[in-house]
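Just so you know, all these numbers are worked out from the coordinates, no wet-lab data involved. This one's a predicted model, so the numbers in the text were calculated from it and none came from an experiment. Neighbour counts run over all protein chains shown; Cβ positions are idealised from the backbone, glycine included.
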Amino acid sequence: MPELVHKLADLTALRDRDALDMALVRAINELLLPQTVAICRVVGEDGQEHWLTCAQLHAHQLTPTFDSAWSKLDWLPRLSEHPLRVQALAARQLVQTRNAHACLTIFPLTGNPGSIGVLEIGSDEPLSKETCRLVSGVLRLYLNFQSVLDYGERDALTDLLNRKTFDGAFLKATLEQSLAVKTAQDDRRDITCTGSYWLAMIDIDHFKRVNDNFGHLIGDEVLLLLAQLMRASFRFHDQLYRFGGEEFVVLMRCNSELEAASALERLRVATETHLFPQVGCITISTGFSEIKPGDTPSGAFERADKAVYYAKAHGRNQVCSYAALVASGELIDHTANMGDMELF
């Protein structure tokens, strides 16, 4: 029991969701010594759900493995390929079974909307009732702590991610991109299929008029509805943020500038054609830029912000690429040589 208390204390000391998943599978592995332990979550829209492995550890394996959060949906196993997991989620209770290789015990993780999944344990023998109660208790604490993280990481109005979570996500994106480039160079492979990261800034046109003419309650409803349109327009792994006021941000991975522009244009059209209660038509202006290896949040924001400013100054209700504006001579890239600067 003292060992368990220490492991739970270690869990609650973490502030990173991915690290929390990794720590949970490590803790279960050390406590039970199973064949395998994994956290798998449901991702994708209704009817197109797949399983994303967030952390998995096999016996005698030192480091957990996981699916990249930026995995293509079609690369992941479909929901129907694991019916016992679906059964556990539907019944909201654990499911135990035996196959040719192991006894499986599947615990549903249903505490937090948007992070539905299972903890799956493979063992030589069925887990005892006492062990199942122990694991269920650990999972209650885990889910409660996930809720605390959600409260601190999400915008209270729209439930999108908030500003303070962005820097960590940006750092992960730039590190992953730099690693992909290095791996591709070492292996002499083409990395175009891996894509690159893009930062987009979205600003509601004439939002002050909405607040002035209809009041802040209606303005808040517009923000909430736009957040819903964003969720419907982007993929499960695209990260959506509200930075405050009418400013929204998207961090996404795409294979080309055209693909990024198409995704943002899809949101622009969805917003323009949506009838907002009492307000009617709302439009948005969007600017975006590719994130470069070694980039900084301020550098990427500066480029995307210049593209937004250009969009607003030239008619609004449009999507503008910073790189395209520089290439056409509409903007001058003052950051081209900043990588050569020495900072002290």
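Packing-wise, with mean Cβ within 10 Å as the measure, how do 131-141, 220-230, 48-58, 196-206 rank, highest first?
Peptide ranking by packing, descending: 196-206, 48-58, 220-230, 131-141.
Picking from Thr131, Ala173, Tyr241, whose Cα lies most toward the positive end of the charge dipole for the chain (charges on Cβ: Lys, Arg +1; Asp, Glu -1)?
Of the listed residues, the answer is Thr131.
Excluding same-chain pairs closer than 8 in sequence, count the lysine pairs in region 163-340 whose Cα atoms lie under 16 Å apart.
Eligible lysine pairs with Cα atoms under 16 Å apart amount to 5.
Restricting the calculation to Cα positions, tell me the Rg (one decimal) and the Dmax (whole number) of region 163-340 in Å.
17.0, 59
Is region 2-150 best put as rounded, prolate or oblate by its Cα gyration tensor, with a ≥ b ≥ c the root eigenvalues, rounded for a/c under 1.5, and otherwise prolate when a/b is larger than b/c, oblate when not?
Values: a/c = 1.43, a/b = 1.14, b/c = 1.26.
Note, shape of region 2-150 comes out rounded.
Between Asp124 and His60, what is the spin-label point distance in nm, taking each point 7 Å from the Cα along the Cα→C-beta axis?
1.3
Suppose we take every Cα in the chain and form the convex hull; what volume per residue is that in Å³? Show your work: numbers first, answer last.
Details: hull volume 62.4 nm³, N = 344.
In the chain, the Cα hull volume divided by residue count equals 181 Å³.
Calculate one ³J(HN,Hα) per residue across region 299-313 by plugging θ = phi - 60° into the Karplus curve 6.51 cos²θ - 1.76 cosθ + 1.60, and present them in order as whole Hz with x for glycine and proline.
x, 5, 5, 4, 5, 5, 5, 5, 5, 5, 4, 5, 4, 5, 7
For region 20-99, what class follows from the C-alpha gyration tensor (a ≥ b ≥ c being the square roots of its eigenvalues): rounded when a/c is under 1.5, otherwise prolate if a/b is larger than b/c, else oblate?
Oblate.
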